[in-house]
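One structure below.
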Amino acid sequence: MSLFEKFEKTAALYNQLSDAGMNPFTVVMETVLGPTRAVIRGKETVLAGTHNYLGQTFEPKAIAAAKEALDKEGTGTTGSRFANGTFSGHKRLEADLAAFLGMKHCVVFSTGFVANLGAIAGLIDPAEDVILIDADCHACIYDGCQLSGAETIRFRHNDPESLDKRLGRLDPKYKGKLVCIEGMYSMYGDTAPVKEFAEVAHRHGAYLLVDEAHSFGVYGAKGRGVSEADGVMDSIDFYTGTFSKALAAIGGFVASNHKELEYLRFSSRPYKFTASPSPATVASAGAALKVIKETPALKEKLWANTRRLHAALTQFGLRLAAPPAPVISVLIADRETAFAAWNFLLEHGVYVNMAIPPGTPGKDSLLRLAVSSAHTAEDLDRLVAAYGALAQAFPAARVAA
Ligand SMILES: Cc1ncc(COP(=O)(O)O)c(C=O)c1O
């Protein structure tokens, strides 16, 4: 029995797609031209699968802040937050994020993935605690549960009643209970009923962790996520987020009003045993945060673009996963058709994400479009034209008549 036998089936599909020049998982941005354009396979392409929701990858203030930090503090920290990798910039950003969210504490991690690993595994003792997670949670939340070693119970996606039942049936032996959900889910672009979840979790004496990776900067009057839009920022025990989407950098964080969050700085292995984000990264994320605070027009533009695209795709009869949201997924039942449809879009000058089961919530494959405030009228026209052609060429992508 070889170590590699288990890869053979996936490798065969991967190689078959690559040989046909159709592999969505080997895309290279050959030249990046701006927040919504790059050269892919030798051709200028509209980027609509980058989660650059507020188009901040080329934000001049973020670039200037990063350049200054690079000049003053060098290319990297060469150490973890726990040792030599905490610079004044990391502390400043923690304070800025906490103030923005209206929370007392914030801990910055190296990525959003690591922030969830670090929060969950750092807070939980497998001998006495239990975790309940929404079935559609991101891989890093699942991995955080696994890393914690605690019993993990799934409840039905976006179903507070299902959570209520599971909490009601719990063995009283558990001391601590942690419920994990997301704000906006990245596969379908659907949002959680955070208010209902907070009510159910707290009624049972559980803590609520909300991952707002995709909704930070995007939902809520101030851009504080679905928790803000639902009016329950004060009820969130642990708020996790990433710098890699609306903040257009790399890094992650956990914020809370519980002073015990600070314990993560010595209890959390993903905090202690990996290098901290570079000074330039931290500086650009801080500058991008300031832009979010000062420029609500970015969020408004994102939503205007979202409404236009969602309406156009609906009009083409495409089978969409959710009501208007900055992630707009077209569902296609057959995986081979989905690969062909994804390539069709690329040939029409449009890059979107492709997702296939088991990485998707259901049995369908997805063409996942991420809208940006930086999409220009011309970008939107190209997207609409490409999806219009797709709807004609692939009846399988349409709602059954
Ligand atoms: C819900 C969710 N949480 C966390 C992450 C991880 O964020 P990062 O890219 O910063 O590791 C992602 C990434 O896509 C995500 O979708």
Check Thr314 against each of (1) assigned to a helix (DSSP H, G or I); (2) β-branched (Val, Ile, Thr); (3) in contact (Cβ under 8 Å) with a residue 60 or more places away in the chain and name the one condition it does not meet. (3)
Can you tell me which residue among Gly223, Gly241, Gly251, Gly231 is more than 12 Å from the ligand (Cβ to nearest atom), touching a Gly at 6+ places or on another chain (Cβ under 8 Å) and in contact (Cβ under 8 Å) with a residue 12 or more places away in the chain? Gly223
I'd like to verify a number: residues in the stretch 342-361 that are among the small types (Gly, Ala, Ser) and in contact with a strand residue (DSSP E or B) (Cβ under 6 Å, 6 or more places away or on another chain), how many? 2
Can you tell me which condition Glu161 does not meet? The list is (1) part of a strand (DSSP E or B); (2) surrounded by fewer than 21 Cβ atoms within 10 Å (Cβ to Cβ), and all the others hold. (1)
Would you check which residues across the stretch 287-303 are touching a residue at least 12 places away in the same chain (Cβ under 8 Å) and either within 17 Å of Leu97 (Cβ to Cβ) or outside any helix (DSSP H, G or I) (or both) and list them? Ala287, Ala288, Leu289, Lys290, Val291, Ile292, Lys293
Within the stretch 134-157, residues being within 11 Å of the ligand (Cβ to nearest atom), in a helix (DSSP H, G or I) and among the hydrophobic types (A, V, I, L, M, F, W, C) number 3
Just checking, does the stretch 207-216 include any residue being within 16 Å of the ligand (Cβ to nearest atom) and more than 25 Å from Thr360 (Cβ to Cβ)? yes
If you take the residues in the stretch 317-366 that are touching a residue at least 40 places away in the same chain (Cβ under 8 Å) and of a type in the set (Val, Ile, Thr), which one is nearest to Leu17 (Cα to Cα)? Thr337
Quick one: would you say Asp171 is among the acidic types (Asp, Glu), within 14 Å of the ligand (Cβ to nearest atom) and surrounded by fewer than 24 Cβ atoms within 10 Å (Cβ to Cβ)? no
Can you find even one residue in the stretch 158-167 that is closer than 24 Å to Phe216 by Cα and either within 16 Å of the ligand (Cβ to nearest atom) or among the charged types (D, E, K, R) (or both)? yes
Looking only at helices (runs of 4 or more DSSP H) that fall completely inside the stretch 22-130, which ones have 1 or more residues that are within 16 Å of the ligand (Cβ to nearest atom) and under 30 Å from Gln146 (Cα atoms)? 88-101, 112-123
Assuming Glu182 fulfils every condition listed in (1) closer than 25 Å to Ala280 by Cα; (2) within 16 Å of the ligand (Cβ to nearest atom) apart from one, which condition is it? (1)
Filter the strands (runs of 3 or more DSSP E) completely within the stretch 169-257 down to those with at least 2 residues that are within 18 Å of Ala370 (Cβ to Cβ) and outside the structural domain of Gly359 (by TED's automatic domain parsing). 238-242
Positions within the stretch 258-286 being away from the ligand (no atom under 16 Å from the Cβ), under 21 Å from Asp211 (Cβ atoms) and part of a loop (DSSP other than H, G, I, E, B), in sequence order: His258
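The values are calculated or read from the model by the stated rules, or taken from the named source; none is laboratory data. Predicted, not measured: the structure shown is a model, and the values here were computed from it. Positions of Cβ are backbone-derived with ideal geometry, glycine not excepted, and every protein chain shown enters the neighbour counts.
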